[in-house]
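The values are calculated or read from the model by the stated rules, or taken from the named source; none is laboratory data. The model shown is predicted, which means the values in this text are computed figures rather than measured ones. Here the Cβ is made from the backbone with ideal geometry for all residues, glycine too, and neighbour counts use every protein chain on show.
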Amino acid sequence: MNMPGQMMYAPLLLSSLLAQAAQRAAAVEIVSRRVEGDIHRYTYRDCHARAMQLANALTRRGIHGGDRVGTLAWNGYRHMELYYGISGIGAVCHTINPRLFPEQIAYIINHARDRMICFDASFAPLVEQIAHQCPHVETWMMLGDEAALPDAFAIPLESYEAFIGEHPAQFAWPQFDEREAAALCYTSGTTGNPKGVLYSHRSLTLMAYASVAPDALCLSAADTIAPVVPMFHVNAWGLPFSAALVGAKLVLPGAKLDGESLCALFEQEGVTCSAGVPTVWLGLADYMRRNDKRSGTFKRAIVGGSACPPQLAGSLGELGINAVHAWGMTELSPVGTVCSPSHNYADKPADERACLDAKQGRAIAGIELKIVGADGEPLTWDGKSAGDLMARGHWVLDRYYGVEQSPLEGGWFPTGDVATIDADGYMQITDRSKDVIKSGGEWISSIELECIAMSHPEVEMVACIACEHPKWDERPLLVVVRRPDSTLTASDLLAFYEGKVAKWWIPDDVVFVSELPLTATGKLHKLVLRQRFGQHFVGTCARPA
């Protein structure tokens, strides 16, 4: 017969993270660059007080447990208050990605049946465009004071400051089942409509605890953390929760994410750690290099969303910034792996360490990974055998919001990535299953070809896609953005591959473009490229002269 333990029990609720930060890190700053253009400063104690005002206001308005409240907002202190105030009363904070098409935004607001939408002033034109398509929304609330409300608007608006201002800054956070929903985020929806992932208090709290560990994001009260990844993109990778957990200073950069703006803000506020997609770090590194800037306090750039090109890691390293590779998904809340050093890392030769640093890293505590072959059987962790990557753990999706059928296969979530895992547990994405190139019955990794191209000094951005081929079924095509003033030719770039990969892996052609399409989360939009260039080799098989 089992014997229950005799320990205290308290549900894992997000409200406890902010409440504890307000006690243990009461005077630690939360700094925000506002859409109004200025810098706002207050403390965790202030944030907690205003989140409690919001909780009182929502309760008085009739927002109950399980109700969805949507946000269209950049990274800022009011968005932080919404994170905690909404979830703290048992409602669901639904972060909406404003970079999606307006039709997709209206779709997910309706699919979620949001009762209230809170938005930054910069998104007022978007709200005016979609509001008539969202009949379930009862309240549209602009994140500002009444004086900032537009004089003429298509729908009635309320002011956030007026909404919370009359309510007391004391609130008894309710205790409820930790498995209740806390937040809702939709995938970027590059194929079909976006799908909702509904996070629980338990899942997000456990991920916050796991992600601050030394073998994960390695965060502490000594850090100043700046989430560049938007708060509408998988909860800014959980950093608003992790920062509160450890009581770290938090710097929220708002809408200005260009290299110059980030560099100035990071130096001004003493940022030590940040997180974002490669395109953000490419912009920062390029600005710092062109202006002969060097990092003062900023030493760790967490790179996720897509593979970190070796050239980018090298450029950041020359600036005194360590690029830390990480991998995750909306369905994983999102942190799955971080490239932290293993016990024998320091004993390896420099070239082997560089190879490890290029991988997506080891699963953090609480996440399990496996790779399987076409027959569904697990493959060996030898660093060579590539298969479909599967995940399970405390913060992995069980089913999509509003969908009865679970995507799990034998209790594991199929990520859609193709990967290898070595004997020390380092995982490396070799491709997305939909992006892998099958040429003459053999597989070619588009990611590896992109990484080689990005190491060329005259390449600014690159995408490698599979194109139909009359003989080989598919062949790789490079779509490249050259650096300014570059005279790089297709022949020059293809010759750059000689000796780096097997000859039959070398792309058949290069197309130069002025820019590459990106998804709403800043990833390469390869579907658009395949639609545009997918027939590139039909009718011709010749490489460029």
Point to revise | Single residue of 316, 312, 284 found to be touching a residue at least 60 places away in the same chain (Cβ under 8 Å), in a helix (DSSP H, G or I), touching a helix residue (DSSP H, G or I) at 6+ places or on another chain (Cβ under 7 Å) and not assigned by TED's automatic domain parsing to the domain that holds residue 200 | key: 312
Exercise for review: Can you tell me which residue among 267, 260 is outside the structural domain of residue 422 (by TED's automatic domain parsing), farther than 26 Å from residue 221 by Cβ and surrounded by fewer than 17 Cβ atoms within 10 Å (Cβ to Cβ)?
Suggested key: 260
Check your understanding: Listed residues 103, 36; which is over 21 Å from the mean Cα position of the chain (by Cα) and in a loop (DSSP other than H, G, I, E, B)?
Key -> 36
Check your understanding: Taking segment 510-529, which residues are more than 19 Å from the chain's Cα centre (by Cα) and crowded, with 20+ Cβ neighbours inside 10 Å?
Key -> 510, 529
Check your understanding: Across segment 1-43, which residue is surrounded by the most Cβ atoms within 10 Å (Cβ to Cβ) among those that are touching a Gly at 6+ places or on another chain (Cβ under 9 Å) and of a type in the set (D, E, K, R)?
Key -> 33
Practice item. Answer yes if at least one residue in segment 372-381 is farther than 19 Å from residue 214 by Cβ, of a type in the set (Gly, Ala, Ser) and touching a residue at least 24 places away in the same chain (Cβ under 8 Å), and no otherwise. Key: yes
Practice item. Could you tell me which numbered condition residue 81 fails, if it satisfies all but one of (1) touching a Lys or Arg at 6+ places or on another chain (Cβ under 6 Å); (2) within 21 Å of residue 245 (Cβ to Cβ); (3) part of a loop (DSSP other than H, G, I, E, B)? Key: (3)
Study note, to complete from the structure: Filtering segment 343-369 down to residues that are over 17 Å from residue 237 (Cβ atoms), touching a helix residue (DSSP H, G or I) at 6+ places or on another chain (Cβ under 9 Å) and either surrounded by fewer than 11 Cβ atoms within 10 Å (Cβ to Cβ) or hydrophobic (A, V, I, L, M, F, W, C) (or both) yields 346, 354, 356, 358
Check your understanding: Which is among the small types (Gly, Ala, Ser) and outside any loop (DSSP other than H, G, I, E, B), of 172, 183?
Key -> 183
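If only one of 188, 211 is among the hydroxyl-bearing types (Ser, Thr, Tyr), under 26 Å from residue 45 (Cβ atoms) and in the same structural domain as residue 44 (by TED's automatic domain parsing), which one is it?
On inspection, the qualifying residue turns out to be 211.
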Point to revise | Subset of segment 451-475 that is among the charged types (D, E, K, R), at pLDDT 90 or above and not in a loop (DSSP other than H, G, I, E, B) - its residue that is farthest from residue 310 (Cα to Cα) | key: 475
Check your understanding: Any idea which of 222, 226 is in the same structural domain as residue 18 (by TED's automatic domain parsing), in a strand (DSSP E or B) and of a type in the set (A, V, I, L, M)?
Key -> 226
Practice item. Evaluate the following for residue 62: is it on the phi > 0 side of the Ramachandran plot, under 27 Å from the mean Cα position of the chain (by Cα) and surrounded by fewer than 16 Cβ atoms within 10 Å (Cβ to Cβ)? Key: no
Point to revise | Enumeration of residues in segment 402-437 that are buried (at least 20 other Cβ atoms within 10 Å of the Cβ), over 20 Å from the mean Cα position of the chain (by Cα) and hydroxyl-bearing (Ser, Thr, Tyr) | key: 420, 426
Review point. Within segment 65-89, can you find the residues that are surrounded by 22 or more Cβ atoms within 10 Å (Cβ to Cβ), among the small types (Gly, Ala, Ser) and within 18 Å of residue 200 (Cα to Cα)?
Key: 70, 85, 87, 88
